[in-house]
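Quick one: the structure is below, questions incoming.
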Amino acid sequence: MKVSRVCVNGLPMAAIAMLELSILPQAVAETGLNGSYAGMPVDVGTILNNNPAVVTNPNGLADAIVNEALKNTKIIPEYQADGSLKTKAIGAQFQGRYDLPNSPLSVRGSVYLGDNAKAVLPTVTYDLPVGTNTNLYAGAGVAWVNTLNGKSTPLGTQTGVVLTTGVEAAISQGVILYGDAKWLSSHKTPGSSPLRYQVGVGYRF
C-alpha cells in the first residue's frame, strides 16, 4: 500500500501511518496489547531524515529508532558533515506504559533528561484493542518542565497540559513498536508547532 506524506510546519508525517500499516495485524481476534513496557522514543522527522530507507522498508524501523535514540544520549558517537565529533548530546528521553489489569485504562509516562532542561509527563490513556497485540490509545496529562535559558524539550518549554494519541503493537514477545502525536500547550517557541510526533521501541516486562 502506498503511503503519502503529510507535512505540518515542514515536518514529514508519514512514519506513524507507516508504523500502523506495516505492523498492524489483521484484526481477527481483538485481544489488544497487554503488559507494561519501557522504551526510548525519537522524533519522526529525525528518523525520516536520517533513515529514509524505512519508508520503503519498514522492517528496519526498530533498529533505526534504537540507533537514533542512542545517538541522542551520546552512547553511540555522532559525527558532523566534516567528520568532526558532535560535542553535545541532545538528551535522553524515555517513555513507558503501565498496564492496569482488567481495565481499558493505562498509566503512561515520559521523562526527558538534558544538560539544561528536564521534563516529566505522566498521562492516563484509554486503550482500544484493534487486533492481536495491538492497541490504539488516546489520553491527557500534565508536563512538568524545568529549563535554563529558555531551552526546549520534547515535552514542551514550560509546564502545561498535553494531549496524546497513538498506536502500539508487539513485533515479538518482548519488543514493542509505538508511535504517537502529542499536543503541547506548554510549547511556546515562536514559529514552531505545538505538535510533537514520535516513534519508539520498548521492552515489555
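The values are calculated or read from the model by the stated rules, or taken from the named source; none is laboratory data. Model, not experiment: these values are computed from the prediction. For neighbour counting, all protein chains shown are included, and Cβ atoms are generated from backbone atoms with ideal geometry for every residue, glycine included.
What is the residue count in segment 131-143 for residues that are of a type in the set (Val, Ile, Thr) and at pLDDT 95 or above? Walk me through how you get there before you give the answer.
Residues of segment 131-143 of a type in the set (Val, Ile, Thr): 132, 134, 142.
Among the residues that remain, those that are also at pLDDT 95 or above are: 134, 142.
Total meeting the criteria: 2.
Are any residues in segment 144-162 modelled with pLDDT of 95 or more and either in a loop (DSSP other than H, G, I, E, B) or within 14 Å of Gln198 (Cβ to Cβ) (or both), and if so, which ones?
Correct list: Val162 only.
Let me ask something else. Just give me the residues in segment 165-185 being surrounded by fewer than 21 Cβ atoms within 10 Å (Cβ to Cβ), over 12 Å from Ser36 (Cα atoms) and touching a strand residue (DSSP E or B) at 6+ places or on another chain (Cβ under 6 Å), in sequence order.
If the condition is that a residue be surrounded by fewer than 21 Cβ atoms within 10 Å (Cβ to Cβ), over 12 Å from Ser36 (Cα atoms) and touching a strand residue (DSSP E or B) at 6+ places or on another chain (Cβ under 6 Å), then Thr165, Ile171, Ala181, Trp183, Ser185 are the ones that fit.
So, in segment 38-56, exactly how many residues are more than 13 Å from the chain's Cα centre (by Cα) and either acidic (Asp, Glu) or not in a helix (DSSP H, G or I) (or both)? Walk me through how you get there before you give the answer.
Within segment 38-56, the first condition is being more than 13 Å from the chain's Cα centre (by Cα), and the residues that meet it are 48-56.
Subsequent filtering for residues that are either acidic (Asp, Glu) or not in a helix (DSSP H, G or I) (or both) retains 51, 56.
Going through segment 38-56 one residue at a time, the tally reaches 2.
Turning to a different aspect of this structure: Can you pull out every residue in segment 96-112 that is exposed (fewer than 15 other Cβ atoms within 10 Å of the Cβ) and touching a strand residue (DSSP E or B) at 6+ places or on another chain (Cβ under 8 Å)? Reasoning before the result, please.
Within segment 96-112, the first condition is being exposed (fewer than 15 other Cβ atoms within 10 Å of the Cβ), and the residues that meet it are 98, 100-105.
Selection gives Tyr98, Leu100, Pro104, Leu105.
Give segment 163-184 a look and list any residue that's part of a strand (DSSP E or B) and free of Cβ contacts under 8 Å to residues at least 12 places away in the same chain, or say none. Please lay out each step first, then the result.
Quick first cut of segment 163-184, residues part of a strand (DSSP E or B) only: 163-170, 175-184.
Residues satisfying the conditions do not exist here.
Moving on. Considering only residues that are part of a strand (DSSP E or B) and basic (Lys, Arg), look in segment 188-204 and name the one that is nearest to Asn34 (Cα to Cα). Before you say what the answer is, go through the steps one by one.
If we filter segment 188-204 for residues that are part of a strand (DSSP E or B), which is where we start, we get 195-204.
Going one step further and asking which of them are basic (Lys, Arg), we end up with 196, 204.
On the way: Arg196: 25, Arg204: 9 Å.
The residue in question is Arg204.
Can you find even one residue in segment 53-60 that is more than 26 Å from Leu100 (Cα to Cα), crowded, with 17+ Cβ neighbours inside 10 Å and not β-branched (Val, Ile, Thr)? Please lay out each step first, then the result.
Residues of segment 53-60 more than 26 Å from Leu100 (Cα to Cα): 53-60.
With crowded, with 17+ Cβ neighbours inside 10 Å added as a condition, the list becomes 54, 58.
When the remaining residues are screened for being not β-branched (Val, Ile, Thr), the result is 58.
Looking for residues that are more than 26 Å from Leu100 (Cα to Cα), crowded, with 17+ Cβ neighbours inside 10 Å and not β-branched (Val, Ile, Thr), one finds at least one in segment 53-60, hence yes.
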